[in-house]
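Encoded as structure tokens, the structure appears first; notes follow it.
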Amino acid sequence: MAPKLQQFVSPGKGNGVQATASIRRGELVYSAKPLASCVSNKLSKEVCHHCFTRRETLLRCSQCKMARYCNITCQKRAWCDHKRECKCLRSLLPRIPTDSVRLAARLIFALLSPSENSSEELYTLEEHESHLSSMSEQKKQGLSHLASMLQLYLTQEVPVQEMTSALPPSCQEPLNLIAKVTCNCFTISDGELQEIGVGLYPSLSLLNHDCRPNCVMVFEGTNLQLRAVRDINPEEELTISYVETLSLTEDRQRQLEDQYHFTCHCQRCDSQDTDRLMLSGKEETQSLLKEALPKLEDLKAESTLLENCRHLLSTVGGDVPEENLYKLRMTDHAVDASIQLELWEEAVGYGKKTLPAYRQYYPDPHPVHGVQLMRVGKLQHYLEHIKDAFDTFRQAYEIIKVTHGDDHPLTADLLMKMKECHTEMDQHSSSSH
């Protein structure tokens with residue numbers, strides 16, 4: 001692990017990671033490449049399978065017809081990881097295995113041909129929990145189905161004897177392996193925090209969860225960076241949040257139970273401190289908004305989605321404050337839909353309404369808050385509200401420099417935008433004299 005970190009046993013939580021020296025807010029604590037990773041199926045045509053960059057046009061692997069690359073360079077660099085996978089994908093065509101099956105197979109390929117830097121990682125893969133003993137029968141059945149899919153996927157490429165001779169004992173059993181993968185994989189996201197893939201970063205799976213964590217993870221391609229969002233003292237535990245923190249205690253707890261098999265007893269859960277604010281306003285209005293949300297998410301047409309949001313927010317929205325969780329989610333949908341429909345004025349109006357709530361719900365620097373400010377700033381800039389845009393970008397920078405650091409492409413993009421605003425404000429003031 002990194003120089004300032006060590007593994008320790010965290011009371012009531014099992015293995016964890018603690019600081020061995022002081023860590024400052026904004027410090028890059030650890031960065032890691034994945035032991036195995038893959039682009040999500042639903043984005044497989046939009047993202048390069050090597051560098052994980054989104055592009056309009058990508059080259060397609062002529063053999064499996066699934067893998068896509070920016071150019072011939074990315075394709076060549078990916079070949080050593082894709083070679084065995086390519087044969088497996090062809091053997092199942094036209095079916096495509098799920099993300100977790102593809103990731104588990106890539107993990108097996110990585111373990112069968114270990115690279116020089118994998119030694120410190122493998123040590124923790126053995127210790128990863130599969131949580132099979134605490135799973136419901138229904139969940140186990142779902143995983144068994146994935147395990148048989150994995151076996152079928154690998155039949156031609158990885159004979160059983162190769163599996164048993166080369167893999168650590170706890171990874172030879174497909175069910176056990178799939179369980180470990182689904183419990184310990186990380187979602188890889190792009191600069192806008194949209195999911196683009198999944199990856200395994202064994203050392204970082206040791207990090208325990210807290211609903212108000214002292215670290216956040218951001219990605220640059222598939223490279224995972226862990227940064228401190230508060231000052232951390234020697235011997236203090238490092239934590240991340242496994243789930244979206246902008247949600248009610250019971251929802252966070254249910255997700256943590258279902259997906260990670262533990263009950264969270266962090267200070268935020270025990271005090272339920274933000275629930276009252278998230279549920280403020282008239283109860284019957286809240287249930288109206290709450291019931292409308294899943295239906296909205298199913299709507300494919302942006303115009304219908306926006307009309308529904310407009311209608312609900314203007315008719316009943318006044319009965320609940322902007323901080324109400326369901327109203328906030330609906331306002332966020334309205335921002336997305338307005339942007340898709342290029343209704344910039346409307347998008348900026350809804351976007352600005354979300355900012356006070358985001359500020360309240362993210363007391364520590366958080367990528368979600370920084371990216372939201374950047375979106376609003378870009379809309380203001382596009383509409384030539386230059387001074388407002390500069391102010392919004394400045395607020396975003398205060399967050400992004402901590403969560404992403406000065407070397408991240410997102411930070412460079414933001415600084416560039418601030419510079420543009422500065423130049424435009426100077427031109428404006430000199431022309432108005």
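Observations
- Between segment 1-32 and segment 239-313, the Cα center-to-center distance that results, in Å: 30
- Carbon plus sulfur fraction of accessible area for the chain, probe 1.4 Å, in percent: 50
- Gaussian network model of the chain, springs between alpha carbon atoms under 10 Å - residue of PRO11, PRO97, PRO367 with greatest fluctuation: PRO11
- Residue-wise HN-Hα couplings along segment 144-149, as the Karplus relation 6.51 cos²θ - 1.76 cosθ + 1.60 with θ = phi - 60° gives them from phi, are 4, 4, 5, 5, 5, 4 Hz; Gly and Pro carry x.
- Label point distance in nm, GLU235-TYR260, each placed 7 Å from Cα along Cα→Cβ: 2.5
- Per residue accessible area in Å² of the chain, where ligands, DNA and RNA are left out and the probe is 1.4 Å: 49
- Over 28 Å apart at the Cα level, from the set LYS353/LYS419; LYS180/LYS327; LYS13/LYS139, are LYS180/LYS327.
- Quotient of the Cα radius of gyration of segment 311-357 and 2.2 N^0.38 Å, N being its number of residues: 1.07.
- Per residue, the chain reaches -16500 deg cm²/dmol at 222 nm when only DSSP H runs of four or more residues are counted, each adding -39500 (n - 2.57).
- Annotation for segment 1-69: GluC sites (Glu not before Pro) lying in DSSP loop with at most 11 further Cβ atoms inside 10 Å of their Cβ are GLU56.
- Cα-based radius of gyration of segment 1-67 once divided by 2.2 N^0.38 Å, which approximates compact folds: 1.75
- Binning all Cα-Cα separations of segment 154-256 at 10 Å, short to long from zero, yields these whole-percent fractions: 12, 35, 31, 17, 5, 0.
- Karplus-based coupling profile of segment 84-98, in residue order and whole Hz: 6, 4, 4, 5, 5, 4, 5, 5, 9, 3, x, 6, 10, x, 5, with θ = phi - 60° in 6.51 cos²θ - 1.76 cosθ + 1.60 and x standing for Gly or Pro.
- Partners of LYS65 within straight-line reach, counting lysines whose Cα lies under 23 Å from its Cα and excluding those fewer than 8 residues away in the same chain: LYS42, LYS45, LYS76, LYS83, LYS87.
- Whole-Å distance, taken between Cα centres, linking segment 318-371 and segment 183-204: 24
- Considering only Cα atoms, the convex hull volume of the chain works out to 172 Å³ per residue.
The values are calculated or read from the model by the stated rules, or taken from the named source; none is laboratory data. The shown structure was predicted, so the numbers you read here are calculated from the model rather than taken from an experiment. For neighbour counting, all protein chains shown are included, and Cβ atoms are generated from backbone atoms with ideal geometry for every residue, glycine included. SASA here: full protein model, heavy atoms, side chains in, ligands and nucleic acids out. Shrake-Rupley method; radii C 1.70, N 1.55, O 1.52, S 1.80 Å.
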